[in-house]
Amino acid sequence: MYAAALAERADGMPPAELAAALARLAREADALGSVCLAILDRHRTGPTGRVGPRREVPVAEVIQLVLDGEREPDRQVEVRLDDDLTVATDPFALNRILSNLLRNAYQHGGRHLVIEAHLTEGALVLSVGDDGPGVPEHLVPLLFEPHGSTRDDGHGLGLDMVCRLAQSLDGRVGYQPNDPRGAKFVVTLPST
């Protein structure tokens, strides 16, 4: 409806006002896209809790693909990962896990983010940390529940989907405060 109203008025709008309206429309479309992807992710894991077929996936390529699609110009993202890191997994599920964690860090974190990935004892350990305010203690037990930790600026499905997708890959996800400040979400997945 907003797009239709904007289309009717666009010809007579001053350029600055039109630019602001288009930016708002883009934000609303992104938010709607995020909700749609969360619903699709929820459907994808379905009653069997399984995702697509696993294959060898270069982790650096997935990280770059996600960064290219989710880049925020005012944020600095540092990537630390083992050389030539590959994991046998569903590439779509890994992409969705990382996208949701990155989007969550953009929305609630600070200006500096760190994505880390390495192999430890036969498992891929993937984390996204930020230097934001962190998670209030009373919300920590609710982080991975649908709508459990929703604040005014989110729909509360992203972390739930990270949890469901990780479990569907026989993995797990956890939260820890980032040192010295911020939040860090850690996903552990089998590497084979």
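Brief remarks on what is shown
- Identity of the residue in region 73-94, under 16 Å from the mean Cα position of the chain (by Cα) and of a type in the set (A, V, I, L, M), that ends up farthest from Leu124 (Cα to Cα): Val77
Residue-wise test of (1) in a strand (DSSP E or B); (2) in the same structural domain as Gln176 (by TED's automatic domain parsing); (3) more than 17 Å from Gln64 (Cβ to Cβ).
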| site | (1), (2), (3) |
| --- | --- |
| Arg96 | no, yes, no |
| Leu102 | no, yes, no |
| Gly110 | no, yes, yes |
| Leu119 | yes, yes, yes |
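- A single entry from Gln176, Gln167, Gln76 fulfils the requirement of being surrounded by fewer than 19 Cβ atoms within 10 Å (Cβ to Cβ) and under 30 Å from Ala23 (Cβ atoms): Gln76.
- In region 142-192, residue modelled with the highest pLDDT [restricted to those that are polar (S, T, N, Q) and closer than 19 Å to Gly122 by Cα]: Thr188
The values are calculated or read from the model by the stated rules, or taken from the named source; none is laboratory data. Only a predicted model underlies this, so the values are computations on that prediction, with no experimental measurement involved. Methodologically, a virtual Cβ is constructed for each residue, glycine included, from the backbone with ideal geometry; neighbour enumeration extends over all protein chains shown.
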